[in-house]
1. Just one of the numbered conditions (1) polar (S, T, N, Q); (2) touching a Ser or Thr at 6+ places or on another chain (Cβ under 7 Å); (3) within 16 Å of ligand 2 (Cβ to nearest atom) is not true of THR78; which one?
2. Residue by residue through region 81-127, note down the ones that are within 13 Å of ligand 2 (Cβ to nearest atom), surrounded by fewer than 21 Cβ atoms within 10 Å (Cβ to Cβ) and under 16 Å from ARG152 (Cα atoms).
3. Just the residues that are within 16 Å of ligand 1 (Cβ to nearest atom) and assigned to a strand (DSSP E or B), please, taken from region 79-100.
4. Of everything in region 145-170, what is closer than 30 Å to LEU57 by Cα and part of a strand (DSSP E or B)? Give them in sequence order.
5. Would you pick out the residues in region 162-208 that are free of Cβ contacts under 8 Å to residues at least 24 places away in the same chain and over 18 Å from ALA128 (Cβ atoms)?
6. Evaluate region 58-78: report whether one residue or more is assigned by TED's automatic domain parsing to the domain that holds GLY201, in a strand (DSSP E or B), in contact (Cβ under 8 Å) with a residue 24 or more places away in the chain and farther than 21 Å from ALA188 by Cβ.
7. Are there any pairs with C-beta distances below 6 angstrom linking a residue in region 101-127 that is assigned by TED's automatic domain parsing to the domain that holds HIS64 and assigned to a loop (DSSP other than H, G, I, E, B) to a residue that is surrounded by fewer than 21 Cβ atoms within 10 Å (Cβ to Cβ) and acidic (Asp, Glu), with the two at least 6 apart or on different chains, and if so which?
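The values are calculated or read from the model by the stated rules, or taken from the named source; none is laboratory data. Note that the structure is a prediction, hence the values are computed from the model and not measured. Note that we place each Cβ from the backbone using ideal geometry, even for glycine, and neighbour counts take in every protein chain shown.
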Amino acid sequence: MKLPTSLPLAFASALTVSAVPVALDTAAGTITLQLNIDLNQDGLVGAGAGANNAHDLFTFTSMHAVQATPDQVVNGTTPTGGIAGASGTFHFGINSAANMICYNITLHNFQGEFESPADTATHIHEAARGASGPPRIAFPNPQPVDAAGIVRNSAGCLTGPFLTGVVMDGRDTGESFHVRQIEENPAAFMADTHSSLALPGAVRGQLA
Ligand SMILES: *[C@@H]1O[C@H](CO)[C@@H](O)[C@H](O)[C@H]1NC(C)=O
Ligand SMILES: *[C@@H]1O[C@H](CO)[C@@H](O)[C@H](O)[C@H]1NC(C)=O
């Protein structure tokens, strides 16, 4: 359907439609519906996301750029070195109203295979600088963008509820996690990716 350009803004931005069957003729195979159209501007758009209007869904409440390096990788509090020569850039855009995080992750010189007990090997962990901690969000592993696989990238958005595939104390470590927690204390979080050649992490970077 092509919308007329003179369509009133309220109509274009919010439209709630519900259908109530008022007649059901099973023999004829027809259902007559009564359509209720509600032009309440605050009603529909972003309702599923917890946002109040169309623009809220497309607005980040914070953005984070993380430079991940091998020297920041630890197991417990012991530096393990990661993958020498590898680096990562983790860009995040957080929409705390929608519990959504958009990511653009680029790795250079990753070696080995992605490997982790979690669903993927690329994460945000709740872990202070120099310490380990549980993964809270698992991102799709960056895939090669060149034939040699020197550069790898993954980009997209994830919306909670989050699951990591790692169970601690009987709960998935992503369970009940809300991206608002990152905004409240970014220093308590880090981004990393794990390799078969460096299980504690290939590269790691602190969000603050
Ligand atoms: C991801 O970031 C890189 C720069 O690090 C940029 O070149 C690329 O266009 C970005 N991709 C998306 C989908 O935003
Ligand atoms: C971290 O160190 C502990 C204790 O040495 C070890 O059991 C564990 O396998 C290590 N974890 C990784 C991911 O290498």
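1. Checking THR78 against (1) polar (S, T, N, Q); (2) touching a Ser or Thr at 6+ places or on another chain (Cβ under 7 Å); (3) within 16 Å of ligand 2 (Cβ to nearest atom), the one that fails is (2).
2. Selection gives GLU115 alone.
3. Applying the first criterion (within 16 Å of ligand 1 (Cβ to nearest atom)) to region 79-100 yields 86-95, 100.
Once the filter is applied, which keeps residues that are within 16 Å of ligand 1 (Cβ to nearest atom) and assigned to a strand (DSSP E or B), region 79-100 yields SER87, GLY88, THR89, PHE90, HIS91, PHE92, GLY93, ILE94, ASN95, MET100.
4. Taking region 145-170 first, the residues closer than 30 Å to LEU57 by Cα are 145, 152-166.
Correct list: ARG152, ASN153, SER154, ALA155, GLY156, CYS157, LEU158, THR159.
5. Result: VAL167, ASP169, GLY170, ARG171, ASP172, GLU175, SER176.
6. There is no residue in region 58-78 that is assigned by TED's automatic domain parsing to the domain that holds GLY201, in a strand (DSSP E or B), in contact (Cβ under 8 Å) with a residue 24 or more places away in the chain and farther than 21 Å from ALA188 by Cβ.
7. ALA121/GLU115
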